[in-house]
Structures are given as structure tokens and as C-alpha cells.
Amino acid sequence: MKISISLYGAFRECDPRGSVELDVPEPAKVSDLRAAFEAHGLAHWPAFKPGLLAASVFASESTLLRENEALPANGRVAVLPPVSGG
Amino acid sequence: MSEVECLIVDIAQARLDASAALEFVSDPGFGGITMFVGRVRDLNHGRSVLGVSYDMFDPLALKVFERACAEAAALVGPRIRTYVAHAKGRLAVGDLAVVVAAGTPHRDEAFRACRTLIEVVKHQAPIWKQEHYVDGDSVWSEGCSLCAAPDPGHTHSHEH
């Protein structure tokens, strides 16, 4: 399934478009997407930091996603690095 | 009875308004009003700051703001009005980055509620700060890792 991943914070440095689309085999869990995202980052983004991904979570528009959870049916997620609001 | 207002303010369109926050949380029955205002500082870790850019995942950020208000109400009871607003975009030194406010019958609940609001916003809302320094460098703040709700059956406690 095709998954569109929105990039925020320091991940925006990786791709100025602010999102990336990846294909992951079904049935796909969040952990599968994490692995695919890391492989894509290492292969295509000089600014990619695996340590930042390890400290990040994936989320839908309404909630944070657990690693063993299925990916949202609409194929839209965001990767959220550590937050620093306020 | 709890009344809530949560806003994301694009700095290109408008500014945060502390007086609007005070007005929203006011009520004839409320003798205590507290507000926290976060502004952009001119110094960070000894480096002179020109400004700050805030990036935000808007739909989830608004949900976290609403949860912050619900947590404040759960803490002090239903007689409360709460307000959370955060700026996004490029801010200059002195600009308001965040305004939270709580109105309650007495001061103790108001202080506790306000503290809850700002802590939830700072530690749980999907917002990212990039500081722009006078020397031309820009750096994303390291921040706090978010943590998804544990799996059902997951019993160990976290230390944060």
C-alpha cells in the first residue's frame, strides 16, 4: 500500500516538499513503515539521522500510533520528531 | 460547564492576543484567573537569537490542546474556563509564542490548571521550534520524545 508521510521539524531538512510517499507490502504495521522510512532515508537523504527517527513516533491526524498497530486505511501519516513547543 | 477555546495562530495572518485569553476565561463567578505567556527570548544556550520558526502538525496539535483543557478540568473540577493558543511561522524576539489561561472560582485551582495547560502543550503537542541565530545558523531544538499509548496488556511504567 502507498503511504504518504508528512515531515515535520528537523525531518523537513530531508525533503523540502515536506512529505514522502513510500510503498509498503500489506498487511503493514507502523513498525514496517518505520523500517521502510529508515531505508529510504539512508538511501536518499544526506541529512537523515537514524537517531532522530529512533526518538520519533508516527501519528495519524487524531492520535499517536503504536508500533504494532496497522497503518491508517487512508494511507496518511506524519512522522513526529521530539517536540519543542511553548 | 467547562468552556474551552483552542487556537493555532499563523503569525503571517495574526498575533496572539493575551487580552482575548483573559476575556475568554472570565466569568462573574470566577475570582481566580491565571495566564502563562511564552515569548521568544533573545538568548539561547549563550547564543544570540534573531527569531524562531514554529512548525506544527495542526490537527493533532489542536487535539492535544483540547486534551490539556480536559486534563485541567479533571484536575480542578468542572467550574473552569480554559484557553490555549500557540503561534506558528516565523516569530521575532519578543513575539508571543504561546498563551494559556484558566479561570476558576479560586486562585489555587487557577494556578494548578494553568500549570497543567502549559506543561501538556510543551511536552505533548506536535510543535517544533527552530531557532535562528545572529551568526546566520539555524538549529531545531532537541525537544521531548512523544510516547504513544501503551499496548493493551503492556504493564510496565515509564519513568517520564
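Some values worked out for this structure:
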read-out	value
Residue satisfying all of: in region B:31-73; in a helix (DSSP H, G or I) and more than 14 Å from every other protein chain (Cβ to nearest Cβ); most open to solvent (accessible area, probe 1.4 Å) among these	B:Glu71
Contacts under 8 angstrom Cβ, first residue in region A:73-86 being away from chain B (no Cβ under 11 Å), partner outside any loop (DSSP other than H, G, I, E, B) and open to solvent by less than 10 Å² (accessible area, probe 1.4 Å), 6 or more apart	A:Gly75/A:Ile3
Residues located in region B:74-100, provided they are open to solvent by 20 Å² or more (accessible area, probe 1.4 Å), touching a Lys or Arg at 6+ places or on another chain (Cβ under 8 Å) and of a type outside the set (D, E, K, R)	B:Leu75, B:Val76, B:Val93, B:Gly94, B:Leu96
Top-ranked residue in region B:13-30 [being closer than 10 Å to B:Thr82 by Cα and touching a Lys or Arg at 6+ places or on another chain (Cβ under 9 Å); ranked as least open to solvent (accessible area, probe 1.4 Å)]	B:Val25
Condition met for A:Arg17 (under 30 Å from B:Ala85 (Cβ atoms), free of Cβ contacts under 8 Å to residues at least 40 places away in the same chain, basic (Lys, Arg) and away from chain B (no Cβ under 12 Å))	yes
Subset of region B:87-140 [more than 21 Å from B:Arg41 (Cα to Cα) and of a type in the set (Lys, Arg)]	B:Arg107, B:Arg112
Residue identified as surrounded by 15 or more Cβ atoms within 10 Å (Cβ to Cβ) and either in contact (Cβ under 8 Å) with a residue 60 or more places away in the chain or farther than 30 Å from B:Leu16 by Cβ (or both) among A:Leu33, A:Leu52	A:Leu33
Residue selected from region B:121-141 under the condition open to solvent by 10 Å² or more (accessible area, probe 1.4 Å), assigned to a helix (DSSP H, G or I) and free of Cβ contacts under 8 Å to residues at least 60 places away in the same chain, by the criterion farthest from B:Phe36 (Cα to Cα)	B:His123
Exclusive hit being over 10 Å from the mean Cα position of the chain (by Cα) and of a type outside the set (Asp, Glu), set A:Val77, A:Val83	A:Val83
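The values are calculated or read from the model by the stated rules, or taken from the named source; none is laboratory data. Keep in mind it's a predicted model, so treat the numbers as computed, not measured. With ideal geometry, Cβ positions are generated from the backbone for all residues, glycine too; neighbour counts draw on all protein chains shown. We work out accessible area using only protein heavy atoms, side chains counted, and drop any ligands, DNA or RNA first. Shrake-Rupley method; radii C 1.70, N 1.55, O 1.52, S 1.80 Å.
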